[in-house]
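See below for the structure under consideration.
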Amino acid sequence: MRRDFLKLCGLAGLGFAVPVRSRESPAAETPRDEPYAGPFYVVFNASGGWDTTYLMDPKGVNGINRLYKDGDILTKGAHKYAPNKAHAKGGLCNEDFYSEFGAELLTVNGLDYSTNNHSPGARYMATGKLDSTEYPTFAALVAACRGPNCPLAFLTFGNYSATGNLVAMSRVPYLPSLKKIALADAMDGNERAPYHDKFALDRIEEALRETNEAARAAPRLPRAEHAENMLYAAQVNSKALQRVAQYIPATSPRERLSQQVEIALASFKAGVCVSANLTIGQFDSHANNDADQMKLIPEFLAGVAYLMRRAGELKIREQIVVVVQSEMGRTPDYNAGNGKDHWSIGSALFLGRGIKGNRVVGATDAKQFAVPLAPATLALDKDKGIKVRPEHVHLALRELAGIADHPLSKKFPLGVPEKEKLRGLWTGA
């Protein structure tokens, strides 16, 4: 049965924590079946490059947008946003999104990506490091630091997902796949048709535990040791994953992001996951920018809203940290195909645990260029300020997660000078 579980994990692209049995390491311990209680981290990726001027950084001047003018720009508290209710195609319009979440939303405008190419841009926004493919994404790093023994510590549904070899990357594409993994000791995920009864499973677990403990003191070849560890990890993780089944909804939502959200939230609630990397694509609107963005931005916002609402129903909303981003923006002018091309300036949204909302940090000018800000006060400072880049945000994210001084974080330094640290980004203090 454990062999079948390992095979299923491989087919689903599922990684899980393997307990390391090093006789030289005093830290080597028997893994404990204890749920991870949070915080949980979710990164939403608008893959392809969203048009921020149709969301959180409205302009309405210089021909930058065709669907509204400067006088049409709306406000909600400290936020200014583009009106799109009349043009949104499904999903959640800006007006409704800001009405529901504006009070807890932090916007960072004027992010300088330093590139307008998809691959390096996605890597930069995911890791905070532009010139290296070795760095882990923030989602992978926080999973490795906070819950490395969780069976599904780092879930990813696409986009840039490098782990830095710190933690297993888990891919569970569909809710039925999650159910099969959660109920690995049942035929095709049907809990009414188990392979073994509870008595037999308990005996198997006890036998594996005793064998594993006895093997610690005995010399073994590395390959044999690895195989035994894999077998033991499969048993321990299989038992932990059973907790997920009760949180899997009976029916799957139709929307792309909502499906991903359900998988992530069930895993969070069961205490087997720390972070999730969610994504939808097709934002690369080189042709018909307005039509494409008016379809995709509402779909994207609806996914964020779905996460927050469902997290509330599952009573884990207070433990959720959300990052909403893209790898680039769109140009301030239209091309001959009514599209917009790649732009190296953009924005990001944040909300959740430890983040003070109803705030906007940074800005772009009337031509959509980034305005420098003073990192100590977060006030705009055209003369002496700095341009905020992804590494500045990532350092702040590490601090928010309490992992900035973790040994694994120090293996991947971001190189932000002390004087450039963004003070009070999350608290406003």
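Quick rundown of the values:
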{"read-out": "Karplus 3J(HN,Hα) series, Hz, for region 134-142 with 6.51 cos²θ - 1.76 cosθ + 1.60 (x for Gly, Pro)", "value": "8, 6, x, 5, 4, 4, 5, 5, 5"}
{"read-out": "Förster radius 25 Å - calculated FRET efficiency between THR427 and TYR247, Cβ distance, rounded to 0.05", "value": "0.20"}
{"read-out": "Hz values of 3J(HN,Hα) by residue in region 85-101 - Karplus curve (6.51, -1.76, 1.60), Gly and Pro given as x", "value": "4, 6, 10, 4, 10, x, x, 10, 6, 4, 4, 6, 5, 6, 4, 7, 10"}
{"read-out": "For q = 0.12, 0.16 Å⁻¹, Debye-computed log10 I/I(0) when each Cα of region 46-193 counts as one equal scatterer", "value": "-0.76, -1.03"}
{"read-out": "Amide H partners (placed H, <5 Å) of CYS150, local residues excluded", "value": "none"}
{"read-out": "For VAL323, residues with placed amide H under 5 Å, excluding near neighbours", "value": "VAL42, VAL43, PHE44"}
{"read-out": "Linear extension gain, GLU420 paired with LEU67, 0.36 nm per residue minus alpha-carbon span", "value": "123.3 nm"}
{"read-out": "Residues listed by number, region 34-74, amide nitrogen under 15 Å from SER99 label point at 7 Å toward C-beta", "value": "74"}
{"read-out": "Positive minus negative residues near LYS89 (Lys, Arg vs Asp, Glu; Cβ under 12 Å)", "value": "-1"}
{"read-out": "Percent carbon-and-sulfur accessible area, region 298-381, ignoring ligands, DNA and RNA, probe 1.4 Å", "value": "54 percent"}
{"read-out": "Average accessible surface area per residue within region 89-167, 1.4 Å rolling probe, Å²", "value": "32 Å²"}
{"read-out": "HN-Hα J in Hz across region 116-125 - Karplus 6.51, -1.76, 1.60, θ = phi - 60°, x for Gly and Pro", "value": "10, 10, 4, 4, x, x, 5, 5, 5, 5"}
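The values are calculated or read from the model by the stated rules, or taken from the named source; none is laboratory data. Note that the structure is a prediction, hence the values are computed from the model and not measured. Note that we place each Cβ from the backbone using ideal geometry, even for glycine, and neighbour counts take in every protein chain shown. Ligands, DNA and RNA are excluded from the accessible area calculation, which covers all protein heavy atoms including side chains. Shrake-Rupley method; radii C 1.70, N 1.55, O 1.52, S 1.80 Å.
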